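What follows is a set of notes on a single structure, which appears directly below.
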Amino acid sequence: MIRNIPSLLLVGTLASTSAFAEDFDLNALVKAAKSEPALSVYDSTGKIKKQAKAFAKKYGIENTGTKIKAGASIKMVLSETKANNVKSDVVIISDVPAASAQLLSNGYTYSYLPEDMKSKIPAQFSNPLVVSNSPVVWSYNTALNDSCPVDNIWALTDPEWKGHVTMPDPLNKSLYTDFFNQFAMHHDKLIADAYQAHYGKPLKTNLDSATAAFVVALAKNQPLLTNSDGDVASAVGAPDTKENFIGIMSSAKYRENKNGMKLGICASMKPMVGMLYPKFMMITKGTDSPNAAKLFVHYMLTSEGFKPQAIDGKISTNIDNKIPAVEPSGVSAYLDQLIKYNPASAQDDWASRQDWQDLWALARAGQL
């Protein structure tokens, strides 16, 4: 069952959020923010340090940007809240299901969308606020192939590609089990239709969905599992490799092409070239710098504030912020072929994680 993420009341000291939203005044927010303690911002990318420094330079507000993994960030907020000793102010978290279930639903964080940004942020990304969508794309080695040697995800389950598909381990990186659930709930017909397109016959399975059948078939084909997207990139695109691998990874890894990596997007892959996964941007309840936190949220939604992450192909939810022409992967040409994460079912993704992990593990062990 799809569980809707609850709307949360926004809190602050400048004025109530609803009152402030009715008459947004950036100058007033800056003035209020300057009277508050230094700001602490957390994100899973090292670019947050650069963004925090630029924010400090622009507004003269002391702050620290810290790189921290999503799981550690959630644990930090939980422990600070329970100890009544909140030190974090803004947390940007890519594990949307966990953030929804453990932070937003419990009121430990809240979502804030500045009034002047409401017309720029699509409704599905506005509450809770999604700051960006990050592409993960099927990739191949451009030195070994003139074009992607695979045009259908079901081909990756064929004997020809046994042991030659690579991806982060779904048991360690929940992005993939979350997308398994997203496919099953929202896109299962695409997976079934892709099977028929590849094999010329309808899919017949005793499993609950076409997605489950694909997950089992892929796991049985013994993909090379890694601890990181960087390891996937090395397996696929190393300039001296003689083995053909197809992999799925963050488009940010394409920046290594300037250092000799040979990565190309599988533009012909059906039913999707890849996926877009979101990041929630939240303010911690109990922060002693609520106005500075709101100002930082506003800054991150601007082109200036988001620019350091845009160069890696991360896509701002602000429709006015475009992907830079110099972004190395060229993913902007394939946005309509990327499956978009639906935050409305985030809590269902959270609840079903263990089921998908069990299915994957049993299939990989040959027990299905």
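The values are calculated or read from the model by the stated rules, or taken from the named source; none is laboratory data. Bear in mind the structure is a predicted one, so any value in this text is a computation, not a measurement. Don't worry about glycine lacking a Cβ; one is built from the backbone with ideal geometry, like all the others, and counts go over all protein chains shown.
Going by what's in this entry, would K69 be described as of a type in the set (K, R), under 18 Å from the mean Cα position of the chain (by Cα) and within 30 Å of Q354 (Cα to Cα)? Spelling it out, K69 is indeed of a type in the set (K, R), under 18 Å from the mean Cα position of the chain (by Cα) and within 30 Å of Q354 (Cα to Cα). For the range 105-128, filtering for residues that are crowded, with 17+ Cβ neighbours inside 10 Å, at pLDDT below 95 and of a type outside the set (S, T, N, Q) leaves 2. Among the residues making up the range 101-122, those that are farther than 12 Å from L78 by Cβ and aromatic (F, W, Y) are Y110, Y112.
Within the range 242-260, restricting attention to residues that are of a type in the set (S, T, N, Q) and under 17 Å from T226 (Cα atoms), the residue that is nearest to the chain's Cα centre (by Cα) is S250. The number of residues in the range 351-365 that are buried (at least 17 other Cβ atoms within 10 Å of the Cβ) and more than 13 Å from F180 (Cβ to Cβ) comes to 1.
Of all residues in the range 330-350, those being farther than 11 Å from A267 by Cα, modelled with pLDDT of 95 or more and touching a strand residue (DSSP E or B) at 6+ places or on another chain (Cβ under 9 Å) number 1. Selection over the range 228-258 of residues that are more than 16 Å from D146 (Cα to Cα), in a helix (DSSP H, G or I) and of a type outside the set (S, T, N, Q) gives a count of 12.
Please find, within the range 215-247, the residue that is nearest to L335 (Cα to Cα) out of those that are buried (at least 24 other Cβ atoms within 10 Å of the Cβ) and in contact with a Phe, Trp or Tyr (Cβ under 7 Å, 6 or more places away or on another chain). Going through the qualifying residues, I end up with I246. Within the range 297-322, the residues that satisfy the criterion of being free of Cβ contacts under 8 Å to residues at least 60 places away in the same chain and within 16 Å of the chain's Cα centre (by Cα) are A310, I311. Scanning the range 257-296 for residues that are free of Cβ contacts under 8 Å to residues at least 40 places away in the same chain, out of contact with any Gly (no Cβ under 6 Å at 6 or more places or on another chain) and on the phi < 0 side of the Ramachandran plot yields a total of 1. Hey, among K314, K322, K307, K340, which residue is outside the structural domain of I265 (by TED's automatic domain parsing), among the basic types (K, R), surrounded by fewer than 22 Cβ atoms within 10 Å (Cβ to Cβ) and under 12 Å from L276 (Cβ atoms)? K340 is the lone residue from the list that is outside the structural domain of I265 (by TED's automatic domain parsing), among the basic types (K, R), surrounded by fewer than 22 Cβ atoms within 10 Å (Cβ to Cβ) and under 12 Å from L276 (Cβ atoms).
Being touching a helix residue (DSSP H, G or I) at 6+ places or on another chain (Cβ under 7 Å) and closer than 21 Å to K47 by Cβ: is that true of M269 here? Here the answer is no, as M269 does not meet what is asked. In this structure, is G330 more than 20 Å from Q124 (Cβ to Cβ), of a type outside the set (F, W, Y) and crowded, with 22+ Cβ neighbours inside 10 Å? No; evaluated as a whole, the condition is false for this residue. Within the set S132, S100, S88, the sole residue that is under 19 Å from W350 (Cα atoms), surrounded by 17 or more Cβ atoms within 10 Å (Cβ to Cβ) and of a type in the set (S, T, Y) turns out to be S100.
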